[in-house]
Structures are given as structure tokens and as C-alpha cells.
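Asker: The structure under discussion is supplied below as C-alpha cells; questions concerning it will follow.
The values are calculated or read from the model by the stated rules, or taken from the named source; none is laboratory data. These numbers were taken from a predicted model, which means no experiment stands behind them. Here the Cβ positions follow ideal geometry from the backbone for every residue, glycine too, while neighbour counts run over all protein chains shown.
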């Protein structure tokens, strides 16, 4: 198993970053073509620790670059879909990936949005669309954790309108 070969826990974000850099199409699998084409960016690495250091540097650079972060975030949604024909990812995968990718940068949002999604039966049933997934990242980047600067007349998806309504109700009651 690759994650063991490079001494990474399979739940480590660096495994996801590696899959992204390889252009992997399926979770848990790397085709020979993906490996040969994608691993060229790791050709300067001569050890497991070099690969891990390179992955850490890539992830650190990604979190500081809005375009790269958006690309990784989008990749994650596609990577989590069980089938290319399926448009949504299941809530369990979405919540794991949201935490994996953004807990360090947007911890308050990740915790609160996750709680809302877990309690929302309609979302649990249908999953998270790519558009919703991408807007969650934009929301985390633009809206304060207490939602004080949220503009409900913006172009946010209904999911996030409902989240802000839920958030306000939860925090007004407490």
C-alpha cells in the first residue's frame, strides 16, 4: 500500500495531495499512467522523507494560494464520487474531506457547517453537489465564522442560506 510505503496514515491530507498531483481518478487506486505522468514532480525525491517533505511543501503552498486551493478542493469532490455519472458526493465523504482539507484554516466554519449538514436529512439523502462544494470553500474564505457579514441577497446556494439561518437560530437560542 502506497500510504505505508511513504509512511503516511491513509487519512493524512498528504495522501490526498499526492493523489491530486498524480491526477488520480479513483480513490485508493493509481493507474500506471497516472503514476508515470504524475510522479515526475517527485523525481528529485530520493527517500520517503523527501516525498513527505515535498507533499508538505505542496500542501502549504496550496493553502496560501487561492487558485491552487480551489483546484485541490474541486479535485477532492470529483475524487470522492463513486462513479463519474454521479453528480453528488455522499455527506460522509464530504464531511471527512472538508475536515481534512480545511480544518486548520477554517476550523470554526468546518465544525459548524459539518454539524448543520449532519442534522439536515435532505442533504444527507441527496449528498453535496459540486457547485455546493465549491461555494462552501468560497463561503469559508469570505464569511466571518459568526456569519455577521453574510449577505443573504448574494449568489449563495440554498444550502448555505439554510446553514446561516440554522446558525443564527442556534446561536440566538444559546
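Asker: Keeping to the range 9-25, report how many residues are under 13 Å from residue 38 (Cβ atoms), free of Cβ contacts under 8 Å to residues at least 60 places away in the same chain and buried (at least 18 other Cβ atoms within 10 Å of the Cβ). If you could, list the steps in order and put the result at the bottom.
Answerer: Let us first name the residues in the range 9-25 that are under 13 Å from residue 38 (Cβ atoms), namely 17-25.
Now drop any that are not free of Cβ contacts under 8 Å to residues at least 60 places away in the same chain, which leaves 17-18, 20-25.
Within this subset, residues satisfying the condition of being buried (at least 18 other Cβ atoms within 10 Å of the Cβ) are 17-18, 20-22, 24.
Total satisfying the criteria: 6.
Asker: Something else about it: What residue, of 172, 67, is surrounded by fewer than 14 Cβ atoms within 10 Å (Cβ to Cβ), at pLDDT 95 or above and farther than 21 Å from residue 10 by Cα? First the steps, then the outcome.
Answerer: Working: 172 fails: at pLDDT 95 or above.
Answer to the selection: 67.
Asker: Now for a different question. Among (1) crowded, with 17+ Cβ neighbours inside 10 Å; (2) at pLDDT 75 or above; (3) farther than 24 Å from residue 121 by Cα, which single condition is residue 6 missing?
Answerer: (2)
Asker: So for the range 124-139 (the condition being in a loop (DSSP other than H, G, I, E, B) and either closer than 25 Å to residue 83 by Cα or not assigned by TED's automatic domain parsing to the domain that holds residue 91 (or both)), does at least one residue qualify?
Answerer: Initial filter on the range 124-139 (in a loop (DSSP other than H, G, I, E, B)): 127.
Filter again for either closer than 25 Å to residue 83 by Cα or not assigned by TED's automatic domain parsing to the domain that holds residue 91 (or both), leaving 127.
Within the range 124-139 (the criterion being in a loop (DSSP other than H, G, I, E, B) and either closer than 25 Å to residue 83 by Cα or not assigned by TED's automatic domain parsing to the domain that holds residue 91 (or both)), the answer is yes, since at least one residue qualifies.
Asker: Given the options 34, 108, name the one that is out of contact with any helix residue (DSSP H, G or I) (no Cβ under 6 Å at 6 or more places or on another chain) and at negative phi. I'd like the intermediate steps shown before the answer.
Answerer: On the way: 34 fails: out of contact with any helix residue (DSSP H, G or I) (no Cβ under 6 Å at 6 or more places or on another chain).
Exactly one residue qualifies, and that residue is 108.
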